[in-house]
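Each remark here refers to the structure printed beneath this line.
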Amino acid sequence: MNIIEVNHLHKKYKAITAVEDVSLVVGQKEIFGFLGPNGAGKSTTIKMLATLVSPTAGTALIGGFDIVKQPNQVRQTIGLVFQETTLDERLTASENLFFHGMLYNVGRQTLSRRMGEVLEMVDLGDRKNDLVKTFSGGMKRRLEIARGLLHYPGVLFLDEPTVGLDPQTRNRIWTFIHQLRQRENITIFMTTHYMDEAEHCDRIAIIDHGRIVTLDTPENLKKMVGGDIITLSVTDRERVKSHIIEKFGLPVKESGQHLQVEVPGGETFIPTLAVDLGERLRSISMHRPTLDDVFLKLTGKAIREESAGAWSGMRVHMRGRR
Amino acid sequence: MRALKAIYTIWLRDVIRFYREKTRIVGMLGQPLLYLLIVGTGLSASFRMSFAPQGFSYLEFMYPGIIGMTVLFTSVFSAISIVWDREFGFLKEVLVAPVPRWSVAIGKALGGSTIAMLQASILLLLAPVIGIKLGPLMILKMVGMLFLIAFSLTSLGITIASRMETMEGFQMIMNFLIMPLFFLSGAMFPMNSVPPWMATLMKLDPLTYGVDALRNIVFAGSPAREFLIQFSMGTDLAVVAAMSVVFITAGTLAFNKIE
Ligand SMILES: Nc1ncnc2c1ncn2[C@@H]1O[C@H](COP(=O)(O)OP(=O)(O)OP(=O)(O)O)[C@@H](O)[C@H]1O
Ligand SMILES: [Mg+2]
């Protein structure tokens, strides 16, 4: 059985279409990633699946429950970590967990055992009686994940679980997510706009302007790019571009100040190209395809080009953690 | 069962948070004393109750009104925690919990009422200092009545807070609403000493009946009774109970609409 089934989900906010015709299925114990730039509609999709906002059209089933008709059953089935923190900072870690357990109707005895368990899982056992406002950003995030797991959800939604955290903490959270899947029988639906993180997922949907552009395993997606990526910096961009297209019959893309050529066996192509371009070549580099390249290929723009936007996403996040 | 548990949880959280904030506790203890001492004593020094019998002080008249006022401010403003929770994100955690929204609204209303009741109790303990004797039964009646008032006013606060995105907005509406409600409630001056148009406005203020009910209880055996009390206890109780029902319903509906 598919634990998540989304059928033609739409969400309109007045003039803005935040989510447009999103359909997908997620199997049990899968780590499913939603990848897209700022404003792509990732959070909106999660909020609809979490019953926090109602879809304009379309349906979704989670664990067999309809998100519109059976919100309470859906809520009981899922754990949530929103993009912005939703902890009560004036309560202790334990109290945050306790209140969550009460709201999710976890029996008293189970609750105290489970609280110890999840706190241990995220390495916060020794800080459980401290006020959350004394926690670092990474600790708060871990506590939120712990809280999301408290009521044994079948699906855990993580909206940008690692945004704004340092690489070390990000790694820790990832290690933890992988362990989680092995220990608990849980499906993970997460969003990110870090390409490297998307590689941790079993399958990824790339979303842009509210639409799913593609959906596959990271390996298959990278195969779509079909070769190595050679990035050139040259003196006369336009001329060189048409020259390469004519002479080698290869598609050339512009990416900022650079040209990008996609070619199988890049390491043998570099010398040929260098000789051919001669003086006009300023620098040359090559990398194996990443999801960034997949995104560029599919949408014609780099996901990171919107770095100004990434900041605004971060700011929202930080505001929530003040 | 589940809803009860949710009500209890939401209530408990508000109480714990209150207990954690020492400044709020100090404020809570200090405020009613201040009202009573400064407002009561200050005004009674310069205010003659021309219609009241000899020996009856303005402070005695004010006493139920000051309790009412304390409950009014504390209850209504306790709903501001909803605006805070929205700002700091915790509201989302509550909104996606598998519990009915009305249980959350009621839990909040009870949380605010509890704190208002704590404050009112301090004033009840001070009754002898002002020269008012309250028997155990009277205290019981007062507590019941005050609770009903606190509950409906917190619900009113919730109704407004659920629609407010910012703290400033909330404060603004509150001042616009609370001040007239308070001044027209008869807490500061009796209804029988104002011009008819104002008496009409006062009759439209539901809080008038709350304050009147308190006087009904406190001055049950007093000779000044007929000067102080406007309505029968039955009328007062009916209006206050109706107010509770209307406001908690409005509060729940407003809470349901939050996205
Ligand atoms: N409550 C709202 N009212 C109006 N528009 C909204 C609302 N929430 C989201 N939007 C719009 O919907 C679009 C998608 O937003 P969403 O938050 O889902 O993006 P996202 O993919 O999560 O982006 P980010 O990476 O920045 O978190 C944006 O254009 C946003 O402005
Ligand atoms: Mg988002």
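Things worth noting here:
- By the compact-protein rule of thumb, 2.2 N^0.38 Å, the alpha-carbon radius of gyration of the range B:73-141 corresponds to a ratio of 1.55.
- Counting Cβ atoms of other protein chains within 10 Å of each residue's Cβ and taking the mean over peptide A:50-60 gives 1.
- Panel values: chain A, Kirkwood radius from alpha carbon pairs, Stokes-Einstein at 37 °C and 0.692 mPa s, translational diffusion coefficient 153 µm²/s.
- Backbone HN-Hα couplings from phi across the range A:83-100 [Karplus 6.51/-1.76/1.60, Hz, Gly and Pro as x]: 4, 8, 5, 10, 7, 8, 6, 8, 9, 7, 4, 4, 5, 4, 5, 4, 5, 4
- Annotation: per residue accessible area for the range A:2-219 equals 36 Å², rounded to a whole number [probe 1.4 Å, protein chains only].
- Take each residue in A:96-109, count the other chain C-beta atoms within 10 Å of its C-beta, and the mean is 4.
- DSSP beta bridges in chain A [antiparallel fraction, %, rounded to 5]: 65
- Average projected area [Cα convex hull, the range A:241-288], square nanometres: 3.4
- For the range A:232-248, Karplus couplings with θ = phi - 60° (6.51, -1.76, 1.60), whole Hz, Gly/Pro x: 10, 10, 9, 7, 10, 4, 4, 5, 4, 4, 5, 4, 5, 4, 5, 6, 9
- The alpha-carbon atoms of the protein assembly as shown, seen along their principal axes, cover 114, 52, 42 angstrom, with the largest extent given first.
- Options A:S242, A:I31, A:P153, ranked by Cα towards positive dipole end of chain A, top entry (Cβ charges): A:P153
- Spacing of the two label points (7 Å from each Cα toward its C-beta) at A:H287 and A:I16, in nm: 2.9
- Debye, to nearest 20: dipole size of the range B:2-256, +1 on Lys, Arg Cβ, -1 on Asp, Glu Cβ: 500
- Among the listed pairs A:K140/B:K5; A:K14/B:K257; A:K14/A:K297; A:K42/B:K257; B:K92/B:K257, those beyond 19 Å (Cα-Cα): A:K140/B:K5; A:K14/A:K297; A:K42/B:K257
- Computed across the range A:106-193, the Kirkwood hydrodynamic radius from all distinct Cα-Cα pairs reaches 13.5 Å.
- Volume in Å³ per residue [convex hull over Cα atoms, computed for the range B:87-243]: 139
- For the range A:160-317, fraction of C-alpha pairs farther apart than 22 Å, in %: 52
- Carbon + sulfur, % of accessible area of the protein assembly as shown - ligands and nucleic acids excluded, 1.4 Å: 61
- DSSP beta bridges in the protein assembly as shown [antiparallel fraction, %, rounded to 5]: 65
- Between A and B, roughly 2800 Å² of accessible area is buried in total, ligands, DNA and RNA not counted and the probe set to 1.4 Å.
- Across the range A:1-86, the fraction of Cα-Cα pairs farther apart than 21 Å, rounded to a whole number, is 25%.
- Net dipole in debye of the protein assembly as shown [+1 Lys, Arg Cβ; -1 Asp, Glu Cβ; about Cα centre; nearest 20]: 1340
- Accessible surface area normalised per residue over chain B is 43 Å², counting heavy atoms of protein chains with a 1.4 Å rolling probe.
The values are calculated or read from the model by the stated rules, or taken from the named source; none is laboratory data. Just so it is clear, the model here is predicted, and its values are computed rather than measured. Ideal geometry is used to build each Cβ from the backbone, glycine not excepted, and the neighbour counts take in all protein chains shown. Protein only, heavy atoms only, side chains kept; ligands, DNA and RNA dropped before computing areas. Shrake-Rupley method; radii C 1.70, N 1.55, O 1.52, S 1.80 Å.
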